[in-house]
Amino acid sequence: FQNLQRINEMAAGRELALTDLNRLLTELAVAAIDVSLLIARREVVRRFGELAAEPRLAVLGLGRLGSGGMDYGSDLDVVIVYDSAAPSPVAGLTHDEAYARIAELLITALSSITRERYLYRVDLRLRPDGQKGPLVAGSEAFVAYLKKRAGFWEWLAHVKLRAVAGDLDFGRAI
């Protein structure tokens, strides 16, 4: 909410440069992703009990989100990657199952319906194997996909790839 307040303060009584607006709208989107991750984590705890380990995942932004050029009406092009080497955060669930639940809850929070419309449209089509692939990818599988199976157009789409939320150090390492 501080980012929204900053946008209002900067825009009040004067014009806001497009690059400044894009940067602030990107910061607002990142803040929304951060809050949605907190909501997803709390909901996982509510459904499954205390976590066995802290979730280690990164939300990687592509397109306008990745480049810092969000605009009004921009969707969130994201890939969600978890650390394959870290233990599953939910006892009794595999990595894939636990992180799929977290991703589903994250996406639900981000695409919530408001009085004005939806918060954000979340676009996951650039994940490995596109719409046919899982919502989240393990770090090893993600890197292997990019090295061995990704098409040329996917490499071009990933030029703007940037860790935007979650474990940023882990995301940068990916």
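The values are calculated or read from the model by the stated rules, or taken from the named source; none is laboratory data. Because the structure is predicted, anything quoted here is derived from the model rather than measured. When we count neighbours, we look across all protein chains shown, and the Cβ atoms used for this are built from the backbone with ideal geometry, even at glycine. Just the protein is used for accessible areas: all its heavy atoms, side chains included, with ligands, DNA and RNA removed. Shrake-Rupley method; radii C 1.70, N 1.55, O 1.52, S 1.80 Å.
Observations
- Test: ASP77 is more than 27 Å from ARG46 (Cα to Cα), open to solvent by 20 Å² or more (accessible area, probe 1.4 Å), assigned to a strand (DSSP E or B) and not aromatic (Phe, Trp, Tyr): yes
- A residue that is touching a residue at least 24 places away in the same chain (Cβ under 8 Å) and β-branched (Val, Ile, Thr) occurs somewhere in segment 115-122.
- Within segment 128-141, considering residues that are at pLDDT 90 or above and not small (Gly, Ala, Ser), the one surrounded by the fewest Cβ atoms within 10 Å (Cβ to Cβ): GLU140
- Evaluation of GLY69 against the conditions (1) more than 15 Å from the chain's Cα centre (by Cα); (2) modelled with pLDDT of 90 or more; (3) open to solvent by 30 Å² or more (accessible area, probe 1.4 Å) shows that the sole unmet condition is (3).
- Tally, over segment 19-66, of residues that are open to solvent by 40 Å² or more (accessible area, probe 1.4 Å), of a type outside the set (Asp, Glu) and at pLDDT 90 or above: 13
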